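The values are calculated or read from the model by the stated rules, or taken from the named source; none is laboratory data. Just so it is clear, the structure is predicted and the values come from calculations on it, not from any experiment. Please note: Cβ atoms are built from the backbone with ideal geometry, for glycine as well, and neighbour counts cover all protein chains shown. Calculation scope for accessible area: heavy atoms of the full protein, side chains included, ligands and nucleic acids excluded. Shrake-Rupley method; radii C 1.70, N 1.55, O 1.52, S 1.80 Å.
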Amino acid sequence: MDYHAKLMDHLCHYKEFHLGIRTSGAERRRQHPALPREFFDLNILPGYRRPFRALAERAPLFDLQGDFHCLHSSQALCFNFFIPFVQHPSRHDILLTALGQAGDTISATSFELFYGPETDELFDFYMELGSGQRLYFDVKLAENWFGPAHQSAMRSDALLASSRADIVGLVSGDVLKSPDAARLIVLLKKLAYVCCGEERRLCCIFPRANQRLHEAMRLLLRSLYPALREKIVVLHLEDLVAAVRRAGAKAGREDVVRHFQQLERKYIPADREAGRP
């Protein structure tokens, strides 16, 4: 079973046995990890549904994507990961330690930071550090590439054509001529923005188990000019969650540990799921 199929099966099980939802929010597909749309806020982990509703009501500052009611929504994953630290600044040191930035401070955060006029020209999360570093996060879960989940080939080709001038100085010309270029175009546009500032970094969070994203990232790193590779920080979801749990336990914050145990239970399928449920 490949990663995508395994994740979908895991989330269907999570929906039924952890959320108690047996109906599907996907038309004509009973076995699908989509919540009925009226229960979309169950995609947020317990303890943060109320602040989520408050944030979501402030649209367009936080505009819910069309697939938000699906349990594999990357937007929901991003919110579930960062909201404990946005809501509670006293926990910032735990996140910074997990990110390898221990000793620094967080001076500003934002969900859904737009960097251009198009609706897909945004970073999932933004963090400004006291040291002056600016971290721009791209969060993926079930996607096959670094772009909108339902982006068509025509849309990708149009983006590639319109963005060529911005990205031509980032990668070798060969990759722009390859069929794989369209898989990277959105990430390359984000990288072009990040490269405009010395203290900026593009942090890509995705599961280690998602081999298709791994392949796309390897292609990108091979294609980038060497001086630009340090602009990208690859953060595997499994490792990052484990690092937060360790830092939380060391800080004596059992609430953080519990939250990330719940996050792991939801988003990271076990190698063996014997004894279910």
Full extension from ALA249 to GLU16: what is 0.36 nm times the residue separation minus their Cα-Cα distance, to one decimal in nm? 80.9 nm
Could you order peptides 250-259, 226-235 by the average number of other Cβ atoms within 10 Å of their residues, highest first? 250-259, 226-235
Could you calculate the contour length gain from ILE268 to TYR193, that is, 0.36 nm times the residue separation minus the distance between their Cα atoms, to one decimal place in nm? 23.9 nm
If you stretched the chain out fully between ARG50 and ARG200, how much longer would it get, using 0.36 nm times the residue separation minus the C-alpha to C-alpha distance? 50.8 nm
Which entries in the list LYS6/LYS266; LYS190/LYS250; LYS189/LYS231; LYS6/LYS140; LYS140/LYS189 go over 24 Å, if you measure between the two C-alpha atoms of each? LYS190/LYS250
Calculate the spin-label point distance for GLN87 paired with TYR225, positioning each point 7 Å from the Cα along the beta-carbon direction, and give it in nanometres. 4.5 nm
Exposure ranking of ARG245, ARG134 by accessible area [1.4 Å probe, largest first]: ARG134, ARG245
What spacing in nm lies between the two simple spin-label points modelled at ARG208 and ASP63, each 7 Å away from Cα in the Cβ direction? 3.6 nm
To the nearest 0.05, how large is the calculated FRET efficiency for ASP9 and PHE114 if R₀ is 30 Å and r is the Cβ-Cβ distance? 0.30
Calculate, for GLU38 and SER107, the FRET efficiency according to 1/(1 + (r/R0)^6) with r their C-beta to C-beta distance and R0 41 Å; round to the nearest 0.05. 0.60
Summed residue charge, Cβ within 12 Å of ASP2's Cβ, Lys/Arg positive, Asp/Glu negative: +1
Under 5 Å between amide hydrogens, which residues at least 5 positions from THR105 or on another chain qualify, with H placed 1.01 Å from N in the peptide plane? GLY130, SER131
